[in-house]
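Okay, so here's the structure we're looking at.
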Amino acid sequence: MPAVTTDPKRRALGKGLESLLPSRPAPTPAPQVAAPVESTGKPLEIPLEQIERNPYQTRTRFDEAKLAELAQSISASGVVQPIVVRPLAGGRYQLITGERRWLASKKANKATIPAIVRQVSDEQTLEMTIVENLQRADLNPIEQARAYQRLSNDFKMTQEQMAIRTGKERASVSNFLRLLKLPETVQQKVESGDLSFGHARTLLALESPDAITAAAQKVMALSLSVRQTESYVQGLINPEAKEKKESKADAQKEDPNVREAQDRIRRTLGLKVRIEDKNGKGRVIIEYSGLEDFDSILTALGGQ
């Protein structure tokens, strides 16, 4: 039975290692809880005071009213979904995901919070934070744009790769990134909610930063809808088309009798004629391009 002869060696080897281990200085947070948590997937109750904010967080604004609602819910029912942290030196932890739950738990005066501990690098933490944020529905457009920019700059991801990782359309990723071309003051208005994503995307059709800023101010002052903003911007880009459109709209509002009289005078003179009528009062405008045309008008009116 050759197999039996190896067991004492293994036991002896194990005993030898055990006798050596105490002579090594054990690190302070020696048996990190990350390893068992990683394998079992069970969250730990970690004191809130031992958790530090995520330095890679791309989210900058939190709705205080919604945060208060979440704190009230946590007071009543606790934290339903654990946060994710990674271990630091000295028995401390750093947030990876779940900052709203962490902040709300503080507001609710909780001592601990359920957390899953993971051993991840700085780069993995950054990527996990950004991707998790981008999958949220309440991130404002500028925060999303900056998150995509960080994925591009720090991880050299293409727009196609970013779309796959976040479950978004590539065109959507491109549109968010374009928002960062807006002047800083306009970006702030988008971030605060004074301008929507649709407004911001429409304003990008104006190339000059000054033109974008001026247009944004008018859009906010007049509370223009996205559709109205589109028309306004197109009018700035192509004023001639706007005039033609307005003329056509005016023509559609004309009284049929006025339009018929206008056409009759135009046929008689062979010149461009416009009748402006409002409640039976107005003016007749006849355009001419030379003396011959002017003479024709005089002749038609019975002059010499």
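The values are calculated or read from the model by the stated rules, or taken from the named source; none is laboratory data. In this text the structure is predicted, and so the values were computed from the model without any measurement. Ligands, DNA and RNA are excluded from the accessible area calculation, which covers all protein heavy atoms including side chains. Shrake-Rupley method; radii C 1.70, N 1.55, O 1.52, S 1.80 Å.
Mind jotting down the distance between the C-alpha centroids of segment 152-172 and segment 65-79, whole Å?
Here the two parts' Cα centres lie 33 Å apart.
With an 8 Å Cα cut-off and a minimum separation of 6 or more residues, compute the relative contact order for segment 49-107 in percent.
On the way: 59 pairs, mean separation 26.8, N = 59.
Normalised by residue count, the contact order of segment 49-107 is 45 percent.
Could you check how many percent of all C-alpha pairs in segment 147-221 are farther apart than 19 Å? Spell out each step's value before the answer.
On the way: 1098 of 2775 pairs.
Tail of P(r) above 19 Å: 40 percent of Cα pairs.
Per the Cauchy relation, a quarter of the hull surface: what is the mean projected area of the convex hull of the alpha carbons in segment 85-168, in nm²?
Numbers: hull surface 26.5 nm².
Value for segment 85-168: 6.6 nm².
Which value in Å does the Kirkwood hydrodynamic radius of segment 91-249 take, with 1/r averaged over all unlike C-alpha pairs and then inverted?
Numbers: mean 1/r = 0.0545 Å⁻¹.
Mean inverse Cα-Cα distance, inverted, gives 18.3 Å.
With a 1.4 Å probe and all protein chains left in place, how much accessible area per residue does segment 158-207 have, in Å²?
Numbers: 2620 Å² over 50 residues.
Heavy-atom SASA per residue in segment 158-207 reads 52 Å².
On average, how much accessible surface per residue is there in segment 71-153, in Å², for a 1.4 Å probe, leaving out ligands, DNA and RNA? Please list the in-between numbers first.
Working: 3590 Å² over 83 residues.
Here the residues of segment 71-153 average 43 Å² of exposed surface.
Collect residues whose amide H, placed 1.01 Å from N in the peptide plane, falls under 5 Å from the amide H of residue 97; neighbours closer than 5 in sequence don't count.
When sequence neighbours closer than 5 places are left aside, the close amide H contacts are 84.
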